[in-house]
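Heads up: the structure comes next, in structure tokens.
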Amino acid sequence: MGVLDKISDLVARVSPSGKTKTSAAGIGNGHGMVFNDNMIVSKPAIVFHSSQIFFDFLAMACFASVASFQAKWNVGPSGLTGFALFISIMGMFLSAFMLAVPVVNEKHDKLVRLARALKEVRVGFILTGIGVAASLLISFIVTISAWTQPGCKNPDNDPHQDLGDDFKKGLDGFCSSKKAGAIFFWLAF
């Protein structure tokens, strides 16, 4: 019986409490749409933006490793690495901006005009669309680069193979980091 008690406690913690209100929206008075009035930013928005920040950070860390490998062997950092670092940092700042502005407005009465603009659906749609487009673009580019690079398939086919056996041995970690960065970009998308 202890397992059932733990499951019921978990469900009670996750499910909404009885202090929620329904909004009157659309046909049928919107009884299925439940929201909490005292939330500054909705829980799905918090989860979405926080996960974007987290996965963009992991992608940034992977591409920082890729850039350090390229710099160590004097073969870069490449334009793709710089672009990936830029997009990951921009994605973190954009998500943090979308989370922080409403909170700063509500708690400190600052950034009033900016918060009012962000409440407009079209502004949020445009900012989110820019972030999604940039994230989708970098995800495709990095995925194609990581899985089709000749040195990742066979170290002897790398354009910089003349740098020696130590370079060829390091290509495995370089390719793994690049592929992990691509996966994290997809998760951030």
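Is segment 138-156 home to any residue that is closer than 21 Å to Val47 by Cβ and surrounded by 12 or more Cβ atoms within 10 Å (Cβ to Cβ)?
So far as segment 138-156 goes, yes, one or more of its residues are closer than 21 Å to Val47 by Cβ and surrounded by 12 or more Cβ atoms within 10 Å (Cβ to Cβ).
Return yes or no: is Gly170 more than 30 Å from Leu94 (Cα to Cα) and assigned to a helix (DSSP H, G or I)?
In short, yes.
Does Leu137 count as modelled with pLDDT of 95 or more and over 24 Å from Gly173 (Cβ atoms)?
Judged against the criteria, Leu137 is a match.
With the structure loaded, tell me whether Ala117 is closer than 30 Å to Gly170 by Cα, modelled with pLDDT under 95, aliphatic (A, V, I, L, M) and open to solvent by less than 50 Å² (accessible area, probe 1.4 Å) or whether it fails that test.
For Ala117, the condition - closer than 30 Å to Gly170 by Cα, modelled with pLDDT under 95, aliphatic (A, V, I, L, M) and open to solvent by less than 50 Å² (accessible area, probe 1.4 Å) - is not met.
Of Ile53, Ile40, which residue is part of a loop (DSSP other than H, G, I, E, B) and at pLDDT 55 or above?
Exactly one of Ile53, Ile40 is part of a loop (DSSP other than H, G, I, E, B) and at pLDDT 55 or above, namely Ile40.
Check segment 141-162 and report whether any residue there is at pLDDT 95 or above and in contact with a Leu (Cβ under 6 Å, 6 or more places away or on another chain).
No, there is no match, as no residue in segment 141-162 is at pLDDT 95 or above and in contact with a Leu (Cβ under 6 Å, 6 or more places away or on another chain).
Being touching a residue at least 40 places away in the same chain (Cβ under 8 Å) and either buried (at least 17 other Cβ atoms within 10 Å of the Cβ) or within 22 Å of Trp186 (Cα to Cα) (or both) is the filter here; which residues of segment 71-93 pass it?
Matches in segment 71-93: Leu80, Phe83, Ala84, Ile87, Ser88, Met90, Gly91, Met92.
Of the residues Leu127, Leu111, which single one is over 23 Å from the mean Cα position of the chain (by Cα) and not hydroxyl-bearing (Ser, Thr, Tyr)?
Leu111
Out of all the residues in segment 157-167, which are touching a residue at least 24 places away in the same chain (Cβ under 8 Å), open to solvent by 50 Å² or more (accessible area, probe 1.4 Å) and assigned to a helix (DSSP H, G or I)?
Leu163 - this is the single residue of segment 157-167 that is touching a residue at least 24 places away in the same chain (Cβ under 8 Å), open to solvent by 50 Å² or more (accessible area, probe 1.4 Å) and assigned to a helix (DSSP H, G or I).
When you look at Ala12, is it at pLDDT below 90, open to solvent by less than 90 Å² (accessible area, probe 1.4 Å), in a helix (DSSP H, G or I) and closer than 19 Å to Leu127 by Cβ, yes or no?
Here the answer is no, as Ala12 does not meet what is asked.
Residues that are touching an Asp or Glu at 6+ places or on another chain (Cβ under 6 Å), of a type in the set (Gly, Ala, Ser) and under 23 Å from Ser51 (Cα atoms): does segment 90-108 have at least one?
The answer is yes, given that some residue of segment 90-108 is touching an Asp or Glu at 6+ places or on another chain (Cβ under 6 Å), of a type in the set (Gly, Ala, Ser) and under 23 Å from Ser51 (Cα atoms).
The values are calculated or read from the model by the stated rules, or taken from the named source; none is laboratory data. Model, not experiment: these values are computed from the prediction. For neighbour counting, all protein chains shown are included, and Cβ atoms are generated from backbone atoms with ideal geometry for every residue, glycine included. What goes into the accessible areas is simple: the full protein's heavy atoms, side chains included, and nothing from ligands, DNA or RNA. Shrake-Rupley method; radii C 1.70, N 1.55, O 1.52, S 1.80 Å.
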